1. So if we plug the beta-carbon distance of I227 and Q558 into 1/(1 + (r/R0)^6) with R0 = 60 Å, what FRET efficiency do we get, rounded to 0.05?
2. If you count, for each residue, the other Cβ atoms within 10 Å and average over each peptide, how do 346-355, 191-200, 223-232 line up from highest to lowest?
3. Enter the Cα centre distance for the pair the stretch 284-323 and the stretch 167-242, rounded to the nearest angstrom.
4. Treat each spin label as a single point 7 Å out from the Cα along the C-beta direction, and report the N479 to L56 distance in nm.
5. Between K521 and R316, what FRET efficiency follows from the Cβ-Cβ distance if R0 is 25 Å, with the result rounded to 0.05?
6. Simple spin-label model, 7 Å along Cα-to-Cβ: H81 to L383 in nm?
7. Among K387/K447; K413/K540; K209/K447; K346/K540; K459/K527, which pairs are too far apart, with a Cα-Cα distance over 24 Å?
8. What distance in nm lies between label points placed 7 Å from Cα along the C-beta direction at V234 and Q501?
Amino acid sequence: MINTIRFNSFLLIIIFLIGLYVNIIPEHGFDFFEHPKWASWLLGLFFLLFPIFIFLSIRFFKTYQLFLSSKKQVFSMLEMHLDSRKLSSAKSNIAATISHEIRNPLQAIIGTHELLIKDEGIGKESKALIQGAYNTSKSLLNMLNQVLDLSKIESGKIELIQEPTSLIELLNDLTQSFQGLCDNSSNTLKIHIDDLIAPSLLINSTSLKQVLGNLMSNAIKFTDHGIVFLSVTVMNDTHADQLIQFQLIDTGCGIHEKDIERIIHPYERSQIHHFHEIPGTGLGLSITSSLLQSMESHLHLESKPNFGTSASFRLRLKRTSLSPMSKYADSTQVHVHDNKNYFLGKTALIVDDYPACREIISQQLNYFGFHCLQADQAHDGLLALEKNHIDLVITDEFMPNINGRQFSAMISKHYPKIKIMILTGDSQFITKLSGEEINLISGFMIKPVELMELFEALKIIFLPNEEHWDFTHLLEFTNQDKLAAHALLDSVLKTQNELTQEIQTHLNSTNLSLLKPLCHKILGGAKLIDAHYLILHCQKIENSESDFQQILIHHLYQELIRVNHQILEFQNQHHANMI
């Protein structure tokens with residue numbers, strides 16, 4: 001707009017000067033020229049063109065300056081983009097390293113608890129304590145999965161997947177986990193749960209457990225020989241939802257009023273001297289506050305020094321007629337007794353630089369009948385392969401000098417018949433594998449590895465031709481009507497082929513929420529044909545409290561292809577027999 005005004009003003013000035021010149025020039029031109037008339041008009045033309053030339057030169061100079069400035073900004077932005085990519089890559093590497101370092105001890109903790117839970121020589125009371133420790137370890141793993149998704153946390157795109165949950169069961173499991181911590185600190189833990197709480201509510205259980213866990217941990221940590229009281233009360237009850245208040249009160253050291261707003265920020269702690277005597281990062285309340293905001297709630301703190309603290313928040317939770325998914329007690333029990341010594345006579349080599357992980361994986365494999373050898377690095381693993389007959393190598397991905405993928409390539413080159421499985425703490429491991437690397441290995445698993453997961457993976461590796469579905473189940477469903485059973489099988493196969501293509505588009509996705517609706521469609525057909533592994537993979541995805549376990553998508557996709565192929569072979573064989 002301003003440039004247009006300037007140009008119009010300049011044009012008016014030129015017209016004014018031309019008019020002025022035309023009016024003052026004599027009819028025969030200026031006498032001091034040899035050819036007065038023509039020279040006068042040429043002089044006028046020069047006076048006309050000169051300011052235009054000056055104007056255009058200034059415009060060109062400014063445009064050139066603007067071009068140079070824009071070019072500088074573009075290069076600056078490119079440099080910033082490259083720096084941000086380097087930082088992002090470094091951050092991803094740090095996250096993968098942290099994930100690996102935390103998942104290694106979790107592998108040892110969860111694996112040990114699993115083995116102790118199934119030990120028939122342990123008494124009921126001890127087993128209950130072990131079960132509580134196991135539940136706590138699984139909760140810690142779920143929190144790790146959530147916190148390590150750095151991009152979503154930073155962008156504020158944490159997707160809360162709400163699932164049918166028994167809030168009472170969740171609270172009982174949580175208090176059971178913290179009871180031992182209270183006993184050790186000489187505190188008394190009391191809990192009041194309102195009887196009006198609905199049996200099934202839509203809850204993001206991981207986030208709620210993390211919020212309550214952080215608050216309970218703080219309450220116990222900053223209370224010495226006192227009381228920690230958790231109250232869960234229904235404030236408003238309708239046929240559609242319930243407004244529930246969660247309040248945690250302790251008789252601990254308390255917080256100064258001026259510190260209450262400040263300590264919600266990361267790495268901030270109260271100025272009371274008790275806080276400086278207790279180790280911690282000061283991240284708990286910050287994470288808690290962020291999670292509550294994502295659940296459309298707010299953390300309310302009231303406290304007085306030496307009198308204690310009250311932390312409360314309210315959640316409006318929708319009722320649901322769907323049965324709650326039990327994840328807090330019986331579901332964590334390990335039911336693998338029938339599979340004991342299933343692989344008796346086979347030998348496995350475990351290569352991992354973390355001794356506790358090597359030992360736990362060995363114990364798990366021993367349970368299934370494997371004879372196990374161990375090595376702490378790839379070089380020792382190669383020596384063991386030279387001296388022993390090995391059926392299976394399980395190697396860690398993150399190892400000094402030679403990593404798991406490099407070690408797998410060496411094994412495949414010299415011992416092509418040996419099955420190889422890679423363990424990793426990197427949940428995005430599948431995206432880093434090339435096509436050649438995928439063909440080299442028999443499978444991979446994300447730490448920590450549980451017994452049933454390991455058993456399923458071993459069966460797929462050593463029994464690839466096992467039937468993963470059952471036609472007799474369809475016959476029972478159709479009351480032994482073979483024509484109806486085959487027609488239904490055609491429909492199931494057609495639907496599953498379509499769903500396979502749909503899932504293929506999500507193979508590089510890190511968001512399970514996109515996949516969960518497809519699992520509902522798959523489950524219907526899978527139950528009709530009793531595709532037990534397919535059902536199991538769908539249930540694992542539906543029950544998953546982490547939305548970036550990409551390996552679950554990969555396993556489901558592989559199992560769908562396997563079942564569809566087996567059904568197609570069955571149909572071809574049946575058609576040939578009919579002919």
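Readers should treat all values here as calculations from the given coordinates under stated rules, not as data from a laboratory. What you see is a predicted model; the values in this text were computed from it and never measured. As a convention, Cβ positions derive from the backbone with ideal geometry for all residues, glycine included, and neighbour counts pool all protein chains shown.
1. Once rounded, the FRET efficiency stands at 0.70.
2. Result, highest mean Cβ count within 10 Å first: 346-355, 223-232, 191-200.
3. Rounded to whole Å, the Cα centres lie 11 Å apart.
4. 9.5 nm
5. It comes to 0.25.
6. Computed distance between label sites H81 and L383 equals 5.1 nm.
7. Violating the 24 Å limit, Cα to Cα: K387/K447; K413/K540; K346/K540.
8. Distance between the two pseudo-spin positions: 4.8 nm.
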